[in-house]
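Down below is the structure, laid out as structure tokens.
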Amino acid sequence: MLLYLILIVGGVGLLVLLLKLASGPSPGKALKRRIEMVKERHAEGVTAAAQAQIEAERQSALVSLRGEVGSLAIDLASGVVGEVLTDDKKAQAIVDRFLADLESSEKAQKAGSSN
């Protein structure tokens, strides 16, 4: 009799376990997982937007800095030469070429030192 009782209770327990497995995760767990996924996606979007804004500000700062360095270089060259450099376009082109050469030589040095 005790053996039948154990088999019945074990069978009911197995049936309950199978029903739980068949029904999938509980609605609460599924909702929590969905909320976590939405949070992750939102965080990724915020991070990407922040990185894009930082890069845009960096580029803007570089452009501004390049202009200021060019202006200072022209003023300094005018003082050294003793003449006012009035051709702004030509002077700016010279400064831009100088800065580009400087950047390329820095990159070449970095590439050479990494090898």
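Annotations for the structure displayed:
- The stretch 99-115 residues that are on the phi < 0 side of the Ramachandran plot, paired with ones that are modelled with pLDDT of 80 or more (beta carbon under 8 Å, 6 or more apart): LEU99/ARG66; LEU99/VAL69
- Filter result for GLY28 (modelled with pLDDT of 75 or more and surrounded by 10 or more Cβ atoms within 10 Å (Cβ to Cβ)): no
The values are calculated or read from the model by the stated rules, or taken from the named source; none is laboratory data. What you are looking at is a predicted structure, and each value in this text was computed from that prediction instead of being measured. When we count neighbours, we look across all protein chains shown, and the Cβ atoms used for this are built from the backbone with ideal geometry, even at glycine.
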